[in-house]
1. Where nothing but the Cβ of Lys and Arg (+1) and of Asp and Glu (-1) is charged, how large is the charge dipole of segment 29-140 around its Cα centre, in debye to the nearest 20?
2. With only Lys, Arg, Asp and Glu charged, each at its Cβ (+1 for the first two, -1 for the last two), find how big the charge dipole of segment 3-232 is about the Cα centre; round to the nearest 20 debye.
3. Need the C-alpha centroid separation for segment 68-127 versus segment 185-242, integer Å.
4. Note the angle between two axes, namely the Cα long axis of helix 32-48 and the longest principal axis of the Cα atoms of the chain, as a number of degrees from 0 to 90, rounded to the nearest 10.
5. Please report the net charge: other residues with Cβ closer than 9 Å to the Cβ of Tyr214, K and R +1, D and E -1.
6. Restrict the search to segment 138-242; then list the trypsin sites (Lys or Arg not before Pro) that DSSP places in a loop and that have at most 11 other Cβ atoms within 10 Å of their Cβ.
7. Using 0.36 nm per residue of separation minus the Cα-Cα distance, give me the extension gain between Thr239 and Ser165 in nm, one decimal.
8. Could you bin all the Cα-Cα distances of segment 3-232 into 10 Å bins starting at 0 and give me the percent of pairs in each, rounded to whole numbers?
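What follows draws every value from the coordinates through simple rules; no lab data is involved. This structure is a prediction, so every number in the text was calculated from the model and none was measured. Every residue, glycine as well, gets a Cβ built from its backbone with ideal geometry; the counts of neighbours run over all protein chains shown.
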Amino acid sequence: MKVRSSFTALVTPAILAASLLCPALQAQAKPASDLNNVLAQLDTASTHFKSATANFRWDNYERVVRDTTTQNGTIYFERSGGSTEMGALVTEPGVPKPKVIQFKDGVAQIFDPGVDQITVIKAGSNQAEWESFLTLGFGGSGKDLARAWNITDMGQEPMQDGSQSVKTEKLDLVSKDAAVKNTFTHVTIWVDPVRGVSLKQIFYAPSGDTRTSYFSNVKLNGKIDKGSFAIKKDAHTTTVNH
């Protein structure tokens with residue numbers, strides 16, 4: 001499975017960070033009964049999940065240069081017929097126009113207006129794996145989560161969703177797929193199990209890089225203005241296929 005090159009190209013130029021669960025974290029793990037309750041809540045939430053929109057902030061840390069870059073934007077997820085569509089507008093300081101990321105029907109498109117170029121990446125037989133990453137913590141069931149990951153429940157932790165304080169469950173995830181573990185040693189998510197949405201995520205790569213994602217002003221099952229997420233190309237736009 002070609003997770004590393006394809007997925008990292010899709011989500012962000014500088015992805016994610018680094019170490020295996022330490023004994024101190026393991027010592028704080030909650031009983032299995034608590035985790036089962038959280039997974040059951042996610043199962044229930046997933047039956048009501050149709051779509052979500054949110055604001056986000058991505059903090060990308062590169063260990064080699066010991067530097068963090070920040071990207072902000074808006075994102076949506078929409079689930080229909082067993083598959084998930086995602087769109088995002090990504091803004092960076094000093095860049096006048098946002099990048100556009102789209103994922104639909106197993107095809108990802110990344111539009112960079114700075115060079116007027118669309119990069120197209122096809123998930124192919126790995127569509128399910130891609131969707132599991134792109135929608136991690138957004139509408140997925142507890143059964144699906146447990147099927148793909150070894151989960152450690154780190155307990156409850158309050159998080160802010162705009163002006164609202166939300167009780168989240170901190171879950172540390174280690175993939176059951178060896179190829180995925182070569183890309184991400186583990187992923188930590190802070191999930192609101194009642195709504196089935198994630199408010200914070202940290203992806204850890206073997207290199208020591210990390211990407212921390214924060215989601216706020218999450219709105220469920222509302223109408224999505226997909227026109228604002230559309231790729232607006234012109235006669236000079238080039239397309240690169242991978």
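1. Numbers: 10 positive and 13 negative charges, 21 e Å.
Result for segment 29-140 is approximately 100 debye, rounded to the nearest 20.
2. Values: 24 positive and 23 negative charges, 43 e Å.
The calculated dipole for segment 3-232 is roughly 200 debye.
3. With segment 68-127 and segment 185-242 each reduced to a Cα centre, they are spaced 8 Å.
4. 40
5. Net local charge, Tyr214 excluded: +1.
6. Numbers: sites: Lys143, Arg147, Lys167, Lys170, Lys176, Lys181, Arg195, Lys200, Arg211, Lys219, Lys223, Lys226, Lys232, Lys233; in loops: Lys176, Arg195, Lys223, Lys232, Lys233.
For trypsin sites (Lys or Arg not before Pro) across segment 138-242 that sit outside H, G, I, E and B with at most 11 neighbouring Cβ atoms in 10 Å, the list reads Lys223, Lys232.
7. On the way: separation 74, 0.36 × 74 = 26.64 nm, distance 4.32 nm.
Here the segment from Thr239 to Ser165 would lengthen by 22.3 nm.
8. It works out to 8, 33, 40, 17, 2, 0, in whole percents.
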